[in-house]
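Input: a single structure, listed below in structure tokens.
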Amino acid sequence: MSCLPAAFSVSGSSSLIVSNREKGSSTRGLQFRNPNLKEIWGNTLDFPDQRGFASNWSNKAPNFDPVYAQGAISFPKAQKWWEKSLQPNVTEIESAQELVECLRNAGDRLVVLNFFSPGCGGCRALHPKICQLAESNPSTIFLTVNFEEHMPMCYALHVHVLPFFRFYRGADGKVCSFSCTNATIKKFKDALAKYGTERCSLAPAKGLEEKELVALASMGLISKDLVPGEKEKVRETVGAAKSASCSTVELKEGNAMVAA
């Protein structure tokens, strides 16, 4: 019988690799099947020096003097507070381009834009209630923006206080914006009741204001094609350039005719 002191805890599916320093010795492994096997912490692992140790061991008992162990332990990734209890109608925005497209593709559905920061205590305290309201209003689209990851975009949209919310509805674009906490959550609920009523509009969704789109485009955060009138300006510039080029060619041809 050999002994091995255990100086580590086991979480999830863990394995113990036992090796012998002697030349020609092989490496064997122990698999802990119980994911909650905490009783080995600081205790001793005993195992026989016989074939019963593992099915693939040789008949000859190996020499376990000295014995070294290597533990392979995996830990589950901790879920961030703003990722908890998210509903299917909640989407975290990854870029300004995605924000503009989500607002324009929302049709006549109410869109709630939620600006938060991982280090904001008010944002964290309010998160569970916002998730509950998202669950009770499945037809409403909730978009979340991480202020720390998208500061330039937030500054371009004049967001300077957190938590901060903007409500958008179809052709009306932004219908209201405000900051609220747990103490003033009624403000949020009243806005949901006022702008979340069922209605039908044939006009396209407006989304962000033109000056905001221009600011985002000037910072290189969105394509200039998303700015209203930008395509027309490009066409006018190209058309003017072509017209000027044609006039120059005609003038040269005229001079050539006169010279002839």
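The values are calculated or read from the model by the stated rules, or taken from the named source; none is laboratory data. Small disclaimer: the values here were computed from a predicted structure and weren't measured. Every residue, glycine as well, gets a Cβ built from its backbone with ideal geometry; the counts of neighbours run over all protein chains shown.
Which of the residues that make up the range 87-136 are under 18 Å from residue 148 (Cα atoms) and of a type in the set (Lys, Arg)?
Correct list: 124 only.
Please count how many residues of the range 174-224 are outside any helix (DSSP H, G or I) and acidic (Asp, Glu).
Qualifying residue count for the region: 2.
Within the set of pairs 6+ apart or on separate chains, which have a first residue in the range 117-141 that is farther than 20 Å from residue 168 by Cα and in contact (Cβ under 8 Å) with a residue 60 or more places away in the chain, a second that is of a type outside the set (Ser, Thr, Tyr) and exposed (fewer than 15 other Cβ atoms within 10 Å of the Cβ), and C-beta atoms under 9 Å apart?
Between residues of the range 117-141 that are farther than 20 Å from residue 168 by Cα and in contact (Cβ under 8 Å) with a residue 60 or more places away in the chain and residues that are of a type outside the set (Ser, Thr, Tyr) and exposed (fewer than 15 other Cβ atoms within 10 Å of the Cβ), the close pairs are 122/182.
Considering every residue within the range 113-122, establish whether at least one is closer than 15 Å to residue 191 by Cα and either surrounded by 18 or more Cβ atoms within 10 Å (Cβ to Cβ) or modelled with pLDDT of 95 or more (or both). Write out each step before concluding.
Start the filter on the range 113-122 by keeping residues that are closer than 15 Å to residue 191 by Cα, which leaves 113-114.
Those still in the list that are either surrounded by 18 or more Cβ atoms within 10 Å (Cβ to Cβ) or modelled with pLDDT of 95 or more (or both) too: 113-114.
Checked the range 113-122: at least one residue is closer than 15 Å to residue 191 by Cα and either surrounded by 18 or more Cβ atoms within 10 Å (Cβ to Cβ) or modelled with pLDDT of 95 or more (or both).
Can you name the residue in the range 142-158 that is surrounded by 21 or more Cβ atoms within 10 Å (Cβ to Cβ) and either more than 18 Å from the chain's Cα centre (by Cα) or among the β-branched types (Val, Ile, Thr) (or both) and, of all such residues, is nearest to residue 99 (Cα to Cα)?
Result: 145.
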